[in-house]
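Novice: My questions all concern the structure below.
The values are calculated or read from the model by the stated rules, or taken from the named source; none is laboratory data. Just so it is clear, the structure is predicted and the values come from calculations on it, not from any experiment. As a convention, Cβ positions derive from the backbone with ideal geometry for all residues, glycine included, and neighbour counts pool all protein chains shown.
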């Protein structure tokens, strides 16, 4: 019997997190098949070019093709995921919806634990060694990076991102387009407003209004975004 070909993952947009997506795809037996660009890729002094990230796949799988969004057409057997993690990726999702009306794959690393009592929307990513507790709800395109813990019955709105090592207490309400930065901690039963940013290492002990940056231990208002 001829083995079936691996399913093909198409990533929309380049970012420095794309290697994590490649890694998670391979760990799930998926082939990173295409990266579809809609904007110039990041080119800061400490960014790694997409070409270098693709080259690192040689010997593991056939390197993915790179195409522009204007030239892309969906193909049979493809799975789709957004590559950028910034909340502005909602604009990319809206453009893809306008052009193609695609459904997105939910990609979970095999080393992560997702409770069977949790609910994950389309396009959600859950990185290695993260824990998603019972009753958690992750809306569409939530990005959960490596080593994150999300406590029971917490709801996270669409296009939010939870960075490595963050620890979110249970029974919390996190809005859409929120960033919880590296190593931040949220006590339980908090409300984090839409578009808020909880800085790296901060400890949020009280609700955070929408559209503000909070920093420190305990987290305090820094500025309006």
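Novice: All but one of (1) modelled with pLDDT of 95 or more; (2) loosely packed, with under 14 Cβ neighbours inside 10 Å; (3) part of a loop (DSSP other than H, G, I, E, B) hold for residue 45; state the number of the condition that does not hold.
Specialist: All conditions are met except number (1).
Novice: Any chance the range 61-68 includes a residue that's surrounded by 13 or more Cβ atoms within 10 Å (Cβ to Cβ), under 22 Å from residue 127 (Cα atoms) and under 18 Å from the mean Cα position of the chain (by Cα)?
Specialist: No; the residues of the range 61-68 include none that is surrounded by 13 or more Cβ atoms within 10 Å (Cβ to Cβ), under 22 Å from residue 127 (Cα atoms) and under 18 Å from the mean Cα position of the chain (by Cα).
Novice: Looking only at residues in the range 175-194 that are without any contact (Cβ under 8 Å) to a residue 40 or more places away in the chain and part of a strand (DSSP E or B), which one is surrounded by the fewest Cβ atoms within 10 Å (Cβ to Cβ)?
Specialist: Ranking the candidates gives 191 first.
Novice: If residue 34 meets every condition in (1) outside any loop (DSSP other than H, G, I, E, B); (2) more than 16 Å from the chain's Cα centre (by Cα); (3) farther than 18 Å from residue 92 by Cβ apart from one, which number is that one?
Specialist: All conditions pass for residue 34, except number (3).
Novice: So if I check each of 120, 92, which one is within 28 Å of residue 29 (Cα to Cα), buried (at least 18 other Cβ atoms within 10 Å of the Cβ) and in the same structural domain as residue 17 (by TED's automatic domain parsing)?
Specialist: None of the other options fit; the residue is 92.
Novice: Next question. Considering only the range 135-155, state which residues are over 12 Å from the mean Cα position of the chain (by Cα) and either assigned to a strand (DSSP E or B) or at positive phi (or both).
Specialist: Once the filter is applied, which keeps residues that are over 12 Å from the mean Cα position of the chain (by Cα) and either assigned to a strand (DSSP E or B) or at positive phi (or both), the range 135-155 yields 135, 137, 147, 149, 150, 153, 155.
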